[in-house]
Structures are given as structure tokens and as C-alpha cells.
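Notes to accompany the following structure.
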Amino acid sequence: MEVTQNSDNNDRKFALPVDSEHKATVFRLFSVATPHMRAFHLSWISFFACFVSTFAAPPLLPIIRDNLNLTATDIGNAGIAAVSGAVFARVAMGTACDLFGPRLASSSLILLTAPAVFLSAIANSPAAFLMVRFFTGFSLATFVSTQFWMSSMFSPGVVGTANGLSGGWGNLGGGATQLIMPLVYSLIHSHIGSTKFTAWRIAFFIPAIFQTLSAFAIFFLGQDMPDGNYVRLEKSGEKHKDSFSQVFYHAITNYRGWILALTYGYCFGVELTIDNIIAQYFYDRFNVNLHTAGIIAASFGLANLFSRPGGGILSDVVAKRFGMRGRLWTLWVVQMIGGLLCLLLGIVGSLSASIAVMLVFSVFVQAACGLTFGVVPFVSRRSLGVISGMTGGGGNVGAVLTQVIFFRGSRYSTEEGMMLMGVMMMCCTLPILFIYFPQWGGLFCGPKKGSTEQDYYLSEWSKAEKEQGFHKMSLKFADNSRTERGKKGSSAPIPSNYETSPTMV
């Protein structure tokens with residue numbers, strides 16, 4: 001069924017019901033409708049490909065280690081390099097999305113990092129191995145374009161679900177590669193007859209080709225926003241071409257973005273750390289074979305099939321009744337439980353107990369990631385990309401710091417590192433207590449009397465910019481985000497000075 005919306009005297013038809021911004025108000029998983037659901041499937045598949053490439057090495061480390069004579073420090077440094085490359089790349093990706101659109105920003109980065117995956121096949125020293133992992137890791141910045149794209153395509157009522165599913169299914173690549181790479185290696189080594197030191201090199205061509213194809217798919221099949229690509233919208237005057245300085249300024253001066261970057265550093269950052277160490281941990285501590293270690297490690301990442309999406313869906317569900325305060329409370333509780341489970345994972349000493357705790361832990365830590373990006377789209381409308389980049393970059397910073405402090409060298413055993421990582425995760429979750437939206441409230445305080453969504457989002461625009469109409473998209477978003485007041489607040493009367501967006505007149 002097609003739904004017609006009228007905006008700026010132009011009739012546009014969409015396969016899904018849409019709001020005044022032409023964002024889809026429903027999420028139909030098994031649809032490929034243009035542009036909303038096509039963007040969803042392109043985003044998660046491309047992000048999945050980048051995850052497979054970035055974490056293609058860990059499941060083959062026992063073989064690569066022997067071939068390149070890697071020490072424990074070399075392996076730790078390479079793991080850190082793989083996630084550190086995306087720290088600044090994620091912030092840059094957010095800015096690129098704000099200025100040029102997610103389609104061009106995402107496809108460009110994926111294509112630019114693909115050569116590093118191909119070059120993994122000819123790495124012949126610890127330094128070369130570290131460098132290819134470093135540059136391949138830049139591709140993880142596509143997470144930011146994925147979340148930005150979903151926030152541009154789906155309305156506030158379902159944006160948590162869209163962000164959770166796209167991010168979760170993309171992260172699924174971290175678990176899938178634990179199965180894919182040993183299988184590809186085994187086929188090349190056993191069935192084709194290559195030596196083991198040649199087989200692992202050939203295996204890297206599979207994720208490299210997959211990543212390259214996903215870049216072309218986004219560029220030729222994707223669309224930036226429901227109404228078209230940035231270039232066309234800016235030429236037609238439907239979208240204001242924003243300036244870097246203003247976009248960046250309104251992002252870095254919003255303290256909520258910094259808090260979410262910190263907390264995300266110890267849910268997604270912890271997940272990245274586990275992706276890097278878990279296979280080798282079970283291989284070394286419990287003396288399981290490479291294939292078994294890969295299956296156990298894969299089960300952690302594969303939980304993203306439902307855990308991170310579950311976090312996003314849960315965020316939307318609680319928001320329908322409790323609004324933004326419900327989103328924040330759920331994030332705080334789930335991430336604290338995740339920290340306790342991480343601590344417990346380092347304590348248990350048997351194989352079966354470790355696997356059981358790891359599986360439950362994976363659900364909570366990944367659900368916390370989904371819950372985080374149920375909040376992020378509401379922090380800023382004008383600087384959504386940079387806020388998403390800051391938060392996503394925080395995840396990589398958390399992973400780097402955790403691996404440097406706890407899993408580099410021999411200062412701590414792996415189990416001791418896990419215990420301390422759990423403690424740090426709980427400590428870094430506490431600042432959620434300080435997130436407060438004047439129009440909606442925070443964990444312990446209700447909304448400020450008389451404060452509206454328009455007050456919050458239009459404060460990002462100067463009087464001169466408003467006079468030129470640059471704020472119209474923020475105005476529409478403010479109208480649509482009134483649902484974040486919760487079940488009771490959404491029925492509150494609209495203030496007499498509340499400006500109505502053009503499409504709602």
C-alpha cells in the first residue's frame with residue numbers, strides 16, 4: 001500500500017506510512033521498500049561486511065601467530081590497532097554524514113578500506129600485520145553512517161528498533177567471522193591442498209571481496225533521505241547546506257553526547273574487546289581445539305542476532321509508556337547488570353560455567369548498545385551525525401583503553417582483566433544519572449515546567465538562520481518527538497506559543 005504525503009506542494013508516494021519528515025512510522029523487517037527498508041538492508045549488510053573484515057584475523061591467530069612469529073605483545077598491539085583506527089574515523093564519519101549524506105560517506109569509506117583487507121594476505125611481519133589490522137579497522141566507522149541513516153529514515157517511535165537491528169545485525173559479523181574464517185581456511189587447507197601458512201592468506205580474499213561489493217551496492221542502490229540525496233535536496237532548496245563549524249559546535253557543547261560516548265565505551269567497547277580475546281582465551285585456558293574455540297567465540301558475537309535489536313526494541317517499547325525517562329532507566333539497569341556479569345565471567349573457572357555466563361553476558365552488553373542508540377537520535381537534530389560519531393568513537397576508545405590496561409602484555413591474566421573490565425563497566429555507567437532533557441526529564445527529575453521540544457531543538461539555530469527558514473527540519477522533528485513525553489505527557493496541551501511546522505498546518 002502506498003502512502004501519499006504532501007510537503008512543500010510536492011506529492012510524494014512511499015510504500016510505508018510516514019510522518020511530516022517523510023520518515024517511516026512503522027518498521028517492516030521483511031520489506032525492501034524504497035527508500036526506507038532498502039536503506040535498512042543496505043546499511044546492516046555493509047556494516048556486517050566491515051565487521052567480518054576487521055575481525056577476520058582473531059579466529060586464525062593460532063596459525064598466523066606461528067607463521068609471523070607473533071608474541072603475546074604483538075597480538076595485543078594488533079588487537080588494539082584494529083579498534084583504535086576507528087576512533088577518529090567515527091567522529092569524521094559523523095561529520096561527513098551531516099555535510100554530505102550517509103550514502104556517499106559510507107560507500108567511500110568502505111571502498112577506501114577494502115585494499116587493507118586484500119593486503120592482509122601478503123603481511124610478512126608483526127609490523128605489517130599490525131598495519132593492515134589498523135587500516136581495516138577504519139571500516140568500523142560505517143557504524144556511524146548506519147545509525148545516522150536509520151535515524152534519517154525512521155520516526156521517533158521506531159528509530160530504536162531500526163538502530164538496534166541495523167547495528168546488531170552488523171555486529172553479528174564479529175561472531176559470524178569466527179565461523180566463516182576457520183571454515184574457509186579449512187576448505188582451502190584440506191580440500192584444495194594449500195599449506196596452512198598459505199591457506200590463511202588466501203582466506204582473506206573472501207571478506208575483502210564481500211566488503212568491496214557492499215560499497216558499490218550502497219552507492220548505486222542507496223538514498224540519503226526519504227526525499228532524495230543531499231545533492232539534489234540542497235540544489236532544490238529543500239535542505240539547507242549546513243556549515244561544519246556550526247554542526248561541530250552544537251555537538252561538542254552538548255554534554256549529553258559526551259556522557260553517552262563514555263557509557264558506550266563500556267558496552268560496545270567491552271564487546272569489541274571480547275571479540276578480540278575470547279577465542280584465544282578458551283583455546284589457551286581450557287585447552288579446546290581451534291574449531292571449538294571458534295564456535296564458542298562465535299556464540300558471543302552471534303547473540304547480536306537478537307540481543308542488540310532487542311535493546312533497541314525495548315527502548316521503543318518503554319518509551320511508548322514512560323518516554324525518554326523510560327529509555328534512560330532501562331539503559332542504566334541493563335548496562336549495570338552487564339558489568340556484574342562481566343565480573344562474574346572472570347571469576348568462574350570451569351568451561352561449562354564460563355560458556356553459560358558468557359552467553360548471558362553477551363545478551364546484556366549488546367542490549368545496552370541497542371538501548372544507547374535509542375537515546376542518541378534525540379540528543380541533537382542539527383548535529384545528529386557528529387553526536388553519533390562521538391558516541392560510536394567512544395566505543396572504540398573504551399575498547400582501546402581496556403585492551404591497553406588489562407589485556408596487553410602479562411601484567412594481568414585474561415580472567416583478571418575480565419573482572420576489572422566488569423568493574424570499570426559499572427563505574428562508567430553511573431554518569432547516565434546526569435543526563436537530563438528539559439522537555440522530558442532524567443532518571444530522577446521530571447521535565448522543566450513550560451519547556452517544550454521546540455525550545456530544545458530550535459536553540460541550535462540562530463535568529464538569522466530561523467528567519468531564512470533553515471530550522472524547518474528541526475521544527476518537524478520537534479513536532480514528531482513529542483512522543484518522548486510518554487503516555488501521560490503526550491496528551492498534555494500544546495503551549496500557546498508553540499510554533500507549528502508547515503506540513504502540520
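The values are calculated or read from the model by the stated rules, or taken from the named source; none is laboratory data. Since this is a predicted model, take the numbers as computed values, not measurements. Here Cβ is always computed from backbone atoms with ideal geometry, including for glycine, and neighbour counts include all displayed protein chains. Areas reflect the complete protein model, heavy atoms only, side chains present, ligands, DNA and RNA absent. Shrake-Rupley method; radii C 1.70, N 1.55, O 1.52, S 1.80 Å.
Here the relative contact order of the stretch 199-342, from alpha carbon pairs under 8 Å that lie six or more residues apart, stands at 9 percent. A simple rule links phi to the HN-Hα coupling: the Karplus curve 6.51 cos²θ - 1.76 cosθ + 1.60 with θ = phi - 60°, which for the stretch 353-368 gives 5, 5, 5, 4, 5, 4, 5, 5, 4, 4, 5, 6, 5, 6, 5, 4 Hz, with x for Gly and Pro.
Here's the list of lysines a cross-link from Lys235 could span, going by alpha-carbon distance under 20 Å and ignoring same-chain residues fewer than 8 apart: Lys466, Lys472. Rounded to two decimals, the Cα-based Rg/Rh of the stretch 62-212, with Kirkwood Rh, is 1.03. Assuming charge only on the beta carbon of Lys and Arg (+1) and of Asp and Glu (-1), the dipole of the chain about its Cα centre is about 440 debye to the nearest 20.
Shape class of the stretch 304-348 from the alpha-carbon gyration tensor: oblate, with a/c at 1.5 or above and b/c at least as large as a/b. With contacts taken as Cα pairs under 8 Å at a separation of at least 6 residues, the stretch 114-187 carries a relative contact order of 20 percent.
Comparing Ile180, Ile75, Gly417 along the charge dipole axis of the chain, the residue lying farthest to the positive side is Gly417, per the Cβ-charge model.
Only lysines eight or more places from Lys488 in sequence, or on another chain, were considered; those with a Cα closer than 20 Å are Lys320, Lys448, Lys449.
Summary value for the chain: 22 percent relative contact order, contacts being C-alpha pairs under 8 angstrom separated by 6+ residues. For the chain, with all protein chains in place and a probe radius of 1.4 Å, 66% of the accessible heavy-atom surface sits on carbon or sulfur.
Probing with 1.4 Å while keeping every protein chain in the model, the per residue accessible area of the chain equals 38 Å². When peptides 231-238, 94-101, 263-270 are ranked by their average number of other Cβ atoms within 10 Å per residue, the highest-first order is 263-270, 94-101, 231-238. Taking a ≥ b ≥ c as the square roots of the eigenvalues of the Cα gyration tensor of the stretch 310-412, is the shape rounded (a/c under 1.5), prolate (a/b larger than b/c) or oblate? Here the stretch 310-412 falls in the oblate category.
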